[in-house]
1. Residue pairs, Cβ under 6 Å, 6 or more apart or interchain, first in the stretch A:77-88 and β-branched (V, I, T), second part of a helix (DSSP H, G or I). List them.
2. Please find, within the stretch B:74-91, the residue that is nearest to B:K22 (Cα to Cα) out of those that are in a helix (DSSP H, G or I) and touching a Gly at 6+ places or on another chain (Cβ under 9 Å).
3. Tell me which residues, restricted to the stretch A:20-41, are in contact with a helix residue (DSSP H, G or I) (Cβ under 7 Å, 6 or more places away or on another chain) and assigned to a helix (DSSP H, G or I).
4. Given the condition closer than 20 Å to B:P106 by Cβ, surrounded by 23 or more Cβ atoms within 10 Å (Cβ to Cβ), of a type in the set (D, E, K, R) and in the same structural domain as A:Y6 (by TED's automatic domain parsing), answer yes or no: does some residue in the stretch A:71-80 qualify?
5. Being open to solvent by less than 10 Å² (accessible area, probe 1.4 Å) and within 7 Å of chain B (Cβ to nearest Cβ) is the requirement here; does A:V127 meet it?
6. Out of all the residues in the stretch B:185-213, which are open to solvent by less than 90 Å² (accessible area, probe 1.4 Å), over 15 Å from B:R8 (Cβ atoms) and either among the small types (G, A, S) or in contact with a helix residue (DSSP H, G or I) (Cβ under 8 Å, 6 or more places away or on another chain) (or both)?
7. Scan the stretch B:1-51 residue by residue and report those that are touching a Pro at 6+ places or on another chain (Cβ under 7 Å), of a type in the set (S, T, Y) and closer than 18 Å to B:L73 by Cβ.
8. With the condition kept exactly as written, say whether any residue in the stretch A:104-117 is within 17 Å of B:T64 (Cα to Cα) and either more than 10 Å from chain B (Cβ to nearest Cβ) or touching a residue at least 60 places away in the same chain (Cβ under 8 Å) (or both).
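The values are calculated or read from the model by the stated rules, or taken from the named source; none is laboratory data. Bear in mind the structure is a predicted one, so any value in this text is a computation, not a measurement. Neighbour counts run over all protein chains shown; Cβ positions are idealised from the backbone, glycine included. Remember, those area values only see protein heavy atoms, side chains included, never the ligands or the DNA or RNA. Shrake-Rupley method; radii C 1.70, N 1.55, O 1.52, S 1.80 Å.
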Protein chains: 2
Amino acid sequence: MKLFGYWRSGATYRVRIALALKGLDYDYEPVNLLKGEQQEPAYLEKNPQGLLPALVVDDGPPLTQSLAIIEWLDETRPEPPLLPKSARKRAEARAIADVIACEAQPLQNLRIQKYLRHEAKFDEAGVKAWLETFVGGALAVVEKLLGRSAGRFCVGDAPTIADICLVPQVYAAARFGVDVSKYPRLAEINARCLAHPAFEKAHPDNQPDAVKA
Amino acid sequence: MKLFGYWRSGATYRVRIALALKGLDYDYEPVNLLKGEQQEPAYLEKNPQGLLPALVVDDGPPLTQSLAIIEWLDETRPEPPLLPKSARKRAEARAIADVIACEAQPLQNLRIQKYLRHEAKFDEAGVKAWLETFVGGALAVVEKLLGRSAGRFCVGDAPTIADICLVPQVYAAARFGVDVSKYPRLAEINARCLAHPAFEKAHPDNQPDAVKA
């Protein structure tokens, strides 16, 4: 398998965690989002959708969309599972993943922040208020959901797709100045995940295209 | 089962389509999003998360997040399936659903449009440009993905989770003035879905809380 990604892309980070939890080896080809390389002919030839991350799994076009890729990995390489066994617990894990993927990440990502700053002429305080409202709001929902589902991880005592989404989200929130200390369950589970070898392997700082500050 | 929803909520509309495709009966309890009823004590008592849609399926708290609910329905009531059989096709169907759920809908929904108009002081032209950029951009990606996956429906010849997301998205896009005629595959499949009895039953106009113009 080959993963097209970018060290700081939250969606790429999710897929790296899933691959590491499954213990799967893969080739990694960095595509620099900051430079817009995902829209350049060299990349579009490999992936006409121009999306990141993308996972080459066979002779067909690469798979795209991080959650769809993670579900595919879990269906084709079932051990260890990335979803709980019971249907209700699976729904709880997916709900947490979806709050992050559908309500937090889309409102904080690079292209949105660019648009807010350059097209909509938000100043830094405006961007901060936006992120507090939407990203903070989504994290508050996650904190509530964890109240009913969490054990050592987001749902029960093993990492699932919920933790796979949580950790990159907390990484981004910290980077963009959203205060996560208000959410103690979330912060505790994030810390436990960060100490897990698969999450460590997948961390942005440990990727070949990482830029050291 | 009991569904808490709102006639025009795109995420509720998705769940209604899934329930109708499965031929499942359910009670429907409208929660008026425009009036903010999802944050009022009467609703929070039933669903502490204050989210819509929510599906009561047992004595536990209602399930939330439309995609998680749809996956739960498919796991617990497998016929007719809402996902294709092969893992690759399932990934393609989920990828289309995720482009809509993670890249289009979050950037057009009620609370975002309110924020753009009232907090960020966008004028109507500004809101229109925002929607064209993000919602139009996501629809263009869907159109590309359909090029490799579509048959009579988004992936192959039967409705899947992709069509379940597509139809409410096109409904919202039309409502908010985003031109979908530029995407011929998407428009053709949307029209085919609208003629399907399950999609008709789930249409916003056919709900008890619909407000006629």
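1. Matching pairs, first to second residue: none at all.
2. Taking the stretch B:74-91 first, the residues in a helix (DSSP H, G or I) are B:74-76, B:87-91.
Subset that is touching a Gly at 6+ places or on another chain (Cβ under 9 Å): B:88-89.
Values: B:R88: 23, B:K89: 20 Å.
Here the residue is B:K89.
3. Let us first name the residues in the stretch A:20-41 that are in contact with a helix residue (DSSP H, G or I) (Cβ under 7 Å, 6 or more places away or on another chain), namely A:20-22, A:26, A:31, A:33, A:37.
Hits for the stretch A:20-41 are A:A20, A:L21, A:E37.
4. So the first thing to find is which residues in the stretch A:71-80 are closer than 20 Å to B:P106 by Cβ, and the list is A:71.
Right, trim to surrounded by 23 or more Cβ atoms within 10 Å (Cβ to Cβ) and you get A:71.
Among the residues that remain, those that are also of a type in the set (D, E, K, R) are: A:71.
Within this subset, residues satisfying the condition of being in the same structural domain as A:Y6 (by TED's automatic domain parsing) are A:71.
Yes: one or more hits.
5. Values: open to solvent by less than 10 Å² (accessible area, probe 1.4 Å): yes; within 7 Å of chain B (Cβ to nearest Cβ): no.
No; evaluated as a whole, the condition is false for this residue.
6. Let us first name the residues in the stretch B:185-213 that are open to solvent by less than 90 Å² (accessible area, probe 1.4 Å), namely B:186-187, B:189-196, B:198-199, B:202-207, B:209-210.
Going one step further and asking which of them are over 15 Å from B:R8 (Cβ atoms), we end up with B:186-187, B:189-196, B:198-199.
Those that are open to solvent by less than 90 Å² (accessible area, probe 1.4 Å), over 15 Å from B:R8 (Cβ atoms) and either among the small types (G, A, S) or in contact with a helix residue (DSSP H, G or I) (Cβ under 8 Å, 6 or more places away or on another chain) (or both): B:L186, B:A187, B:I189, B:N190, B:A191, B:C193, B:L194, B:A195, B:A198, B:F199.
7. B:S9, B:T12, B:Y13, B:Y28
8. Narrowing the stretch A:104-117 to residues within 17 Å of B:T64 (Cα to Cα): A:104.
Restricting the remaining residues to those that are either more than 10 Å from chain B (Cβ to nearest Cβ) or touching a residue at least 60 places away in the same chain (Cβ under 8 Å) (or both) gives A:104.
Yes, the conditions are met somewhere in the stretch A:104-117.
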